[in-house]
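First comes the structure, then the notes that go with it.
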Amino acid sequence: MNKTKILIIDNDVEHGEANKRMLANAGYEVVVVHNGKEGLESARIIEPDLIMLDAELPDINGFSVCKELKEDPKLGAIPILILTALGASEESYLANMAKEHQADAFFTKPADTKRLLSKISELVTATPVPPSKPRVRAKILLIDDDPDFLDATRQILSANQFQVITAQDGEEGIAKAKYESPDLIVLDVIMPGKDGYSVCYELRKIAQTRPIPIIMLTAVGQQLSKPEYAMDMAIDHLADDFLDKPFDAQKLIKKIEKHLRR
């Protein structure tokens, strides 16, 4: 009888090997890799019965790896257990993020061995259930320092069945772009700290956020003798599209849908 195969994707070599020994002693066949790219490749090659996935990886964060695996028709039914040493509880924001990214279980490090083995046994013996279809069409990240604008735009996008995440400055926007893996980013130019142009350029330098379409919004053109300069700056900083504030809601929706189709 073939052993149950478990793939461990863990940035911490020592922690990964310790879990490998623990699982091998429990009768499982175990493969360990240490970054997201290797994890995705290994999952496709060995098609494990369960994946233990670290949230912190050196190349692609664990939440993004989980999402990619769950969206793969061949691998989507594989149970994924996310672990993290980020210090959050199992009822925390990170636990909710794990659920949003379709993880089957979430544990904080160091995990209690008895509870961990019990959950693994439960997951690998359960009848596989195909991943459910998303309840909304796409996830949009809004980055703007104006809370009134964020609230109004969130309502517009939610009414059009988009899932919406918000950030009120550039640093928060970059962090959420990496952790939340949105399908598209709507980014204001004028913000405290990092301006939108700098944020856009920085997102293009990060491997996991580089492909995300970015639409820049600004009222700065009204302050310039050549309003088109604001759009030229956006394109120079590798934005995909540009829209002047105040904008027509349907025009924004059309631009979003155009870039999501690509």
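The values are calculated or read from the model by the stated rules, or taken from the named source; none is laboratory data. Given the structure is predicted, the values throughout are model-derived calculations rather than measurements. We place every Cβ from the backbone using ideal geometry, glycine too, and count neighbours over all the protein chains shown.
If you go through the stretch 70-112 and keep only what is among the polar types (S, T, N, Q) and at pLDDT below 90, you end up with Thr84, Ser89, Ser92, Asn96, Thr108.
Within the stretch 107-129, not a single residue is within 15 Å of the chain's Cα centre (by Cα) and of a type outside the set (Lys, Arg). Of all residues in the stretch 155-183, those being of a type in the set (A, V, I, L, M, F, W, C), buried (at least 18 other Cβ atoms within 10 Å of the Cβ) and within 23 Å of Ala95 (Cα to Cα) number 6. Name every residue in the stretch 195-211 that is under 27 Å from Val65 (Cβ atoms) and either of a type in the set (Lys, Arg) or crowded, with 22+ Cβ neighbours inside 10 Å (or both), in order of residue number. Once the filter is applied, which keeps residues that are under 27 Å from Val65 (Cβ atoms) and either of a type in the set (Lys, Arg) or crowded, with 22+ Cβ neighbours inside 10 Å (or both), the stretch 195-211 yields Val199, Cys200, Leu203, Arg204, Lys205, Arg210.
Checked against the criterion of being out of contact with any strand residue (DSSP E or B) (no Cβ under 8 Å at 6 or more places or on another chain) and either in the same structural domain as Asp104 (by TED's automatic domain parsing) or under 14 Å from Ser181 (Cβ atoms) (or both), the candidates Ser64, Ser42 yield just one match: Ser64. Inclusion of Pro182 among residues that are more than 19 Å from the chain's Cα centre (by Cα) and not acidic (Asp, Glu) is not warranted.
Checking each residue in the stretch 41-55 for being surrounded by 19 or more Cβ atoms within 10 Å (Cβ to Cβ) and assigned to a helix (DSSP H, G or I) picks out only Ala43.
Conditions (1) in contact with a Ser or Thr (Cβ under 8 Å, 6 or more places away or on another chain); (2) at pLDDT 85 or above; (3) outside the structural domain of Leu69 (by TED's automatic domain parsing), marked per residue:
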position	(1), (2), (3)
Arg154	yes, yes, yes
Ser181	yes, yes, yes
Asp188	yes, yes, yes
Gln208	yes, yes, yes
Pro213	no, yes, yes
Ser225	no, no, yes
Met233	no, no, yes
Lys255	no, yes, yes
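One residue stands out among those in the stretch 184-194 that are assigned to a loop (DSSP other than H, G, I, E, B) and of a type outside the set (Gly, Ala, Ser): the one that is surrounded by the most Cβ atoms within 10 Å (Cβ to Cβ), which is Val189.
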